[in-house]
Amino acid sequence: MTEKEKMLAGMLYRLEPGSELLGEQARAKELCRRYNALPFGEETEGERESLIRQIIGKAGKNICVQPSFWCDYGFHITVGDDFYVNHNCVMLDVAPITFGDRVFIAPNCGFYTAGHPINREVRNSGLEYGRPITVGSDVWIGGNVVVLPGVTIGDNVVIGAGSVVNRDIPSGVVAVGNPCRPVRTMEEACRRERLLDIRKTEERDIEKVLSIYEQARKFMAEAGNPGQWTGGYPAEEDLRRDMERGGSYVCLENGEIAATFFFLVAEEPTYRVIREGKWLNEEPYGVVHRVASASRGRGLASYCLSWCLEQCHNVRIDTHRDNIPMQNMLGKLGFVRCGIVYMEDGSERIAFQRCDE
């Protein structure tokens, strides 16, 4: 058997001077050198795409490999669709390295199929071997991860940054550490994850927002504040009016609507007169109304108000005298109680303002 045949069979082999393997390594490393030296810009995108597909043995659609990237042979590497590799990745593909679809690899990662005998005499004789690495689909590998020879990583896996993966990782887990091991199931990790975002209210959101208003009315009544939102207020016409003014927003928690509020940088007519105090200033301000969330004790309202403060550093808001939870939250967020204002129906509200100069 040739040394290449031994390598492909997973046997001990030796890189000998002038061998076919050294020539194939030289080809791959020259292609990598050229790839890494390419300037960034639209004018080189075609050449970059062509080179990486010459380096990698088999590649799917929509692949992106950031330089620098190095490998031993390239023809042992197989990647699926939507494959992304960040900077400074090394793949020692003495044996096959196979990736599924939708794999994200963070910077400074290594995939090493190459191994050396523990016995020093055998190792020092120049013998080495290769064991394949297999990575499934929907996998995110964090920064500075090392994957060692013979490892299989399943589907739907996250490998934490800095991990050393020296054993197989099953599907559907988050795994971290040295040695890397599963620490929780993906289902549990997703339940713990909390991604918040804010966008304008859309027509398709109306039913959900009205449901959140209804939950808020029930909560206020149970908390000793039955008089703030009465008679079905806010109703659909109130919500649509807010949307027409461009001031209605929803807060998304993991992609689902979890809270809603009104925010607009504009004069509020009911704030022109304030009793038992005064506003902090008379500068232009943002006004917040109708803050409501679908769950309690998760900080959604605080997140929404903090977002408003990022948009405008001078914010005014009012709340009912009996709405103690809202008053407490405003105090924690640094809002100052300024006085009493009156709504269009004559009912009073406590006025708060925060100004970040």
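Every number here is computed from the coordinates shown, using simple stated rules; none is lab data. Fair warning: this is a prediction, and the values are worked out from it, not measured in the lab. So basically every Cβ, Gly included, is an ideal-geometry build from the backbone, and we count neighbours across all protein chains shown.
Taking all C-alpha pairs of the range 252-357, those more than 17 Å from each other amount to 51 percent. For the range 136-150, 3J(HN,Hα) computed residue by residue from phi via the Karplus equation (6.51, -1.76, 1.60; θ = phi - 60°) reads x, 8, 6, 10, 10, 10, x, x, 6, 8, 10, 10, 9, x, x Hz, glycine and proline entered as x.
Could you calculate the FRET efficiency of LEU8 with LEU196 from 1/(1 + (r/R0)^6), where r is the beta carbon distance between them and R0 is 30 Å, rounded to 0.05?
Computed FRET efficiency for LEU8 and LEU196: 0.05.
Spatially, the range 250-311 and the range 180-210 are offset by 22 Å when compared through their Cα centroids. Along the Cα-to-Cβ line of MET1, 7 Å from the Cα, sits a label point; which residues in the range 119-143 have backbone N less than 18 Å from it? Output list for this probe position: 123, 126-133.
Of the DSSP beta bridges with both residues in the chain, give the percent that are antiparallel, rounding to the nearest 5. Walk me through the numbers on the way to the answer.
Values: 38 of 74 bridges.
Looking only at bridges with both residues in the chain, the antiparallel portion is about 50 percent.
In the chain, taking the dipole from charged Cβ atoms about the Cα centre, the farthest positive-side position among GLY255, ILE274, CYS180 is held by CYS180.
Please work out how much length the chain gains when fully extended from ASN254 to SER306, using 0.36 nm per residue of separation minus the C-alpha to C-alpha distance, in nm with one decimal.
Values: separation 52, 0.36 × 52 = 18.72 nm, distance 1.84 nm.
Difference between extended and current length: 16.9 nm.
The overall shape of the range 3-191, judged from the alpha-carbon gyration tensor, is oblate: a/c is not under 1.5, and a/b is no greater than b/c. Rounded to the nearest whole Hz, the Karplus-based 3J(HN,Hα) values (6.51 cos²θ - 1.76 cosθ + 1.60, θ = phi - 60°) of the range 71-84 follow the sequence 8, 7, 10, x, 5, 8, 9, 10, 10, x, 6, 6, 9, 10, with x at glycine and proline. Each residue, GLU237 and GLU282, gets one label point 7 Å from its Cα in the Cβ direction; the gap between the two is 3.5 nm.
Please label the shape of the range 227-270 as rounded, prolate or oblate, based on the square roots a ≥ b ≥ c of the eigenvalues of the alpha-carbon gyration tensor (a/c under 1.5 means rounded; beyond that, a/b larger than b/c means prolate, else oblate).
Values: a/c = 1.93, a/b = 1.23, b/c = 1.57.
Note, shape of the range 227-270 comes out oblate.
Ellipsoid semi-axes for the chain, based on the Cα gyration tensor and the rule √(5λ), read 62, 21, 17 Å when sorted largest first.
Cross-link partners for LYS4 among the aspartates and glutamates, with Cα-Cα distance under 18 Å and sequence neighbours closer than 8 places in the same chain left out: GLU16, GLU20, GLU24, ASP72, ASP93, GLU128. Of the beta bridges in the range 3-191, as assigned by DSSP with both residues counted there, near 20 percent are antiparallel.
With a cut-off of at most 16 other beta carbons within 10 Å, and DSSP calling the residue loop, which chymotrypsin sites (Phe, Trp or Tyr not before Pro) in the range 1-68 qualify? Please list them.
Numbers: sites: TYR13, TYR35, PHE40; in loops: PHE40.
Loop-located and lightly packed - PHE40.
For LYS200, a cut-off of 24 angstrom between C-alpha atoms picks up these lysines, skipping any fewer than 8 places away in its own chain: LYS208. How many angstrom lie between the C-alpha centres of the range 1-20 and the range 26-52? The range 1-20 and the range 26-52 have Cα centres spaced 28 Å from each other.
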